[in-house]
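Structure first, then comments.
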There are 2 protein chains.
Amino acid sequence: MRLSKDKRQHLLQETIRKTPFVTDEELAKKFSVSIQTIRLDRMELSIPELRERIKSVATNQWNETVKALPIDEVIGEIIDLQLDERAISILEIQPEHVFSRNKIARGHHLFAQANSLAVAVIDDELALTVKANINFTQQVKEKDRVVAKAKVIQEPNDKGLTVVEVKSYVNQKKVFSGLFTMYRSTEYKGEN
Amino acid sequence: MRLSKDKRQHLLQETIRKTPFVTDEELAKKFSVSIQTIRLDRMELSIPELRERIKSVATNQWNETVKALPIDEVIGEIIDLQLDERAISILEIQPEHVFSRNKIARGHHLFAQANSLAVAVIDDELALTVKANINFTQQVKEKDRVVAKAKVIQEPNDKGLTVVEVKSYVNQKKVFSGLFTMYRSTEYKGEN
DNA sequence: ATTATTTTTAGTACCTAGTCTTAACATTAA
DNA sequence: TTAATGTTAAGACTAGGTACTAAAAATAAT
């Protein structure tokens, strides 16, 4: 049974909204009208052609993935920070953090979170990692929320070195630990 | 100046990975070759045509097709690889790798390069970092080319653990060194 | 230097999924 | 019946390709 123009156009709009990758030919068959009718309908409804629709879907998603590229100064979100004492950050493991094969987080992301937290906790303009001793104690999977806790465990000495201990957890289970020896540019003099 | 076929194809792949919406015509102009050459290149590299690329971006399959070829799996460019023996990669420090204040490379990028090289040198489907002992011996600045050299220094034992030593250099000067204890899924049996 | 091989360019026919235009029908309403 | 609206068809054109054949140009091998 053939639909009225009104109903057909309404359904057409709905169909394309739901399945934007449908061709005019498929729509023509679906509504038992000619391709030309579908094209007139699209024109009246200002619905772009298939390729344009695909492209717009692609660019929307592309923009999002491209936007997600710039690297932050701190990996993960800092939720607590007591300069020269302790700091906590949370990193939620996203698809881009894991091996595609097995969804296990790549080690350097855990390291990056811990390292940047160690940098952040140092109350200095310039803090650099000199040495690190780290352990990956458990695999971290996609969607895990990694809580990294940094603790300054040694008062800065005259050489400008500070030791920061970072332990990372997923659901209270330790997944990573590291001892970071940090260099600070200006020696610690207790000023602000 | 015209590039060699090798370099052109390498750059082509990189260009399409970065800007998948580029047409053959634009690529032909960019590399000063004919459209046919671009098409032969794409064929040899198994890169699908523009519309298929757009479609795959739209359906979010892009990561599986071209983007995540070998490039994103390894930080830096691998220039030598002898499985279970040694590997070398080069990472050029870009603005996104450095602290904005002082243009010094953030430690985790050097770690990422070394760690992913350690993963790559292991001849196994699944290689994970269990432990790492690392040293940052010199500051690395923007535009530095960091050459990381990995060496498997211990034959895999029955626990599925392998130790990889990675040393990174800028202009022959050591900037980073690390000892990575790697876990491999299947025990090494000397086959193949 | 002269083959041989690889690489590049050119040209043709064909494809999809459209566009835009004109024209012929079909259906419905006054 | 005529006019308006709706539908279908036909033709010419487009982008961005594929697939194939063939020739020219550059490079390597003997």
Practice problem: Quote to one decimal, in nm, the extra length available between residue A:137 and residue A:52 on full extension: 0.36 nm per residue of separation minus the C-alpha distance between them. | Solution: 25.7 nm
Quiz item: Using the C-alpha atoms of the range B:82-174, what convex hull volume per residue, in cubic angstrom, is computed?
Solution: 98 Å³
Self-check item: For residue A:135, net neighbour charge (Lys/Arg +1, Asp/Glu -1) across residues whose Cβ lies under 13 Å away
Solution: +2
Quiz item: Quick one: what Rg and Dmax do you get for the range B:84-129 from the alpha carbons, in Å?
Solution: 13.1, 40
Quiz item: Over 18 Å between Cα atoms, which of A:149/B:141; A:159/B:143; B:7/B:30; B:18/B:141 qualify?
Solution: A:149/B:141; A:159/B:143; B:18/B:141
Quiz item: So, in nm, how far is label residue A:7 from label residue B:25 when the simple model puts each one 7 Å beyond its Cα toward the Cβ?
Solution: 4.5 nm
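Rule-based calculations on the coordinates, nothing more; no lab input. Note that the structure is a prediction, hence the values are computed from the model and not measured. Every residue, glycine as well, gets a Cβ built from its backbone with ideal geometry; the counts of neighbours run over all protein chains shown.
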